[in-house]
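Everything below concerns the one structure shown next.
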Amino acid sequence: MKVELPAGEYVVAVSGGVDSVVLLDLLAKEKNLRLMVAHFDHGIRDDSSEDRKFVESLAKKRELSFVFAEGKLGPNASEALAREKRYEFLQKTRIANGASAIVTAHHQDDVIETAIINLLRGTNRRGLASLKDTATVKRPLLNNPKQQIKSYAVKNNLAWREDPTNANTKYLRNYVRHELVPKLGPSGRQQLLAIINKASQQNSEIDTVLANLVGAGLDRAVYRSYDASLGLELIAAWLRANDITGYDRKTLARLDTAIRSARNGTAHNIIGDQMLVISRNGLALERLER
């Protein structure tokens, strides 16, 4: 196994589990990388501080800097909240230290699980292939199956900690991991991966078309000529092009209704202080003055 990242400084997210321990071991072997080990203690388990101590010892053995934060989320915290708080900590750490990106240990099994979870939740085209590299989050193990990662750990005598909550199927991801994915079998697994890869390619092509359609703005008359499904895609592309994030599908549907039927001279909240303004001359995005 080998990881490929451009030379630079990275924040490595290490939970103490086998995946992130293997990731850290692989990255530490690359001479052109400057690494900071980051650990987020969710505070979901009573003994979670032991994970932090273990990860800190790994960093110390490799003479790497170590930073951690305590979430104190409690045993009833949802998967979504835990993820949100973890990435909030990781991004703050990246920015504070001027790092190129965060590196996580997501692997091929995570790709499959995420696709299934999003399908169960009624995903759009993006959700099927949502787990990928971004500008600030690198996932160099996405093509490696879990079994290969675990085999590497055993072969290289690596120690890791097992999180007992990973066996609790009250969490949707664990249910998918333990109950659904094994039923795919090798053939079904490869078929699903092929579908995910195809969706990723198509998403890139569609996003390029959408970006060209919205251009510097969104024309109201032209927009009204499209059906609702394409309209929602156009709004999302327009917002992304203007660095507006954090909205949900209900927000997009509300904006679609406004663009199609609201009077000229009205303003509609998008998220936070971002507004959609509808005027005689068309549509505009403006920040609400306070």
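The values are calculated or read from the model by the stated rules, or taken from the named source; none is laboratory data. Remember, predicted model here, so these are calculated numbers, not experimental data. Positions of Cβ are backbone-derived with ideal geometry, glycine not excepted, and every protein chain shown enters the neighbour counts.
Of all residues in the stretch 92-118, those satisfying the criterion of being assigned to a loop (DSSP other than H, G, I, E, B) and either within 14 Å of the chain's Cα centre (by Cα) or among the β-branched types (V, I, T) (or both) are T104, A105, H106, H107. For the stretch 38-76, a residue qualifies if it is β-branched (V, I, T) and closer than 21 Å to A99 by Cα, and the qualifying residues are V55, V67. Among residues of the stretch 68-90 that are in a loop (DSSP other than H, G, I, E, B) and small (G, A, S), those with a Cβ under 7 angstrom from a residue that is surrounded by 12 or more Cβ atoms within 10 Å (Cβ to Cβ) and at pLDDT 95 or above, sequence gap 6+ or separate chain, pair up as G71/F40.
The requirement of being hydroxyl-bearing (S, T, Y), in a loop (DSSP other than H, G, I, E, B) and touching a strand residue (DSSP E or B) at 6+ places or on another chain (Cβ under 7 Å) is fulfilled nowhere in the stretch 119-131; no residue meets it. The single condition from (1) part of a helix (DSSP H, G or I); (2) under 23 Å from the mean Cα position of the chain (by Cα); (3) not assigned by TED's automatic domain parsing to the domain that holds A59 that I244 fails is (1).
The residue that is modelled with the lowest pLDDT, counting only those in the stretch 40-67 that are in a loop (DSSP other than H, G, I, E, B) and touching a strand residue (DSSP E or B) at 6+ places or on another chain (Cβ under 7 Å), is G43. Residues in the stretch 91-105 that are without any contact (Cβ under 8 Å) to a residue 40 or more places away in the chain and either among the polar types (S, T, N, Q) or crowded, with 21+ Cβ neighbours inside 10 Å (or both): none.
Output the residues belonging to the stretch 2-22 that are more than 18 Å from D110 (Cα to Cα) and among the charged types (D, E, K, R).
Kept after step one, since they are more than 18 Å from D110 (Cα to Cα), are these residues of the stretch 2-22: 2, 4-11.
Hits for the stretch 2-22 are K2, E4, E9.
Of a type in the set (V, I, T) and more than 26 Å from Y175 (Cβ to Cβ): is that true of I112 in this structure? Taking the combined requirement at face value, the residue does not satisfy it.
Could you tell me how many of the residues in the stretch 18-39 are part of a strand (DSSP E or B) and touching a helix residue (DSSP H, G or I) at 6+ places or on another chain (Cβ under 8 Å)?
Filtering the stretch 18-39 down to residues part of a strand (DSSP E or B) leaves 33-39.
Checking which are touching a helix residue (DSSP H, G or I) at 6+ places or on another chain (Cβ under 8 Å) leaves us with 33, 35-39.
Here the count works out to 6.
Could you identify the single residue in Q148, Q201 that is of a type outside the set (V, I, T), modelled with pLDDT under 95 and either outside any loop (DSSP other than H, G, I, E, B) or over 24 Å from R83 (Cα atoms) (or both)?
Result of the check over Q148, Q201: Q201.
Do you know which residues across the stretch 128-145 are at pLDDT 95 or above and surrounded by 18 or more Cβ atoms within 10 Å (Cβ to Cβ)? Once the filter is applied, which keeps residues that are at pLDDT 95 or above and surrounded by 18 or more Cβ atoms within 10 Å (Cβ to Cβ), the stretch 128-145 yields V137, K138, R139, P140, L141, N144.
Rundown of residues vs (1) among the aliphatic types (A, V, I, L, M); (2) loosely packed, with under 15 Cβ neighbours inside 10 Å; (3) modelled with pLDDT under 90; (4) outside any helix (DSSP H, G or I), yes/no style:
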position: L158; (1), (2), (3), (4): yes, no, no, yes
position: R161; (1), (2), (3), (4): no, no, no, yes
position: E179; (1), (2), (3), (4): no, yes, no, no
position: P182; (1), (2), (3), (4): no, yes, no, no
position: G188; (1), (2), (3), (4): no, yes, no, no
position: Q191; (1), (2), (3), (4): no, yes, no, no
position: L210; (1), (2), (3), (4): yes, no, yes, no
position: G217; (1), (2), (3), (4): no, yes, yes, yes
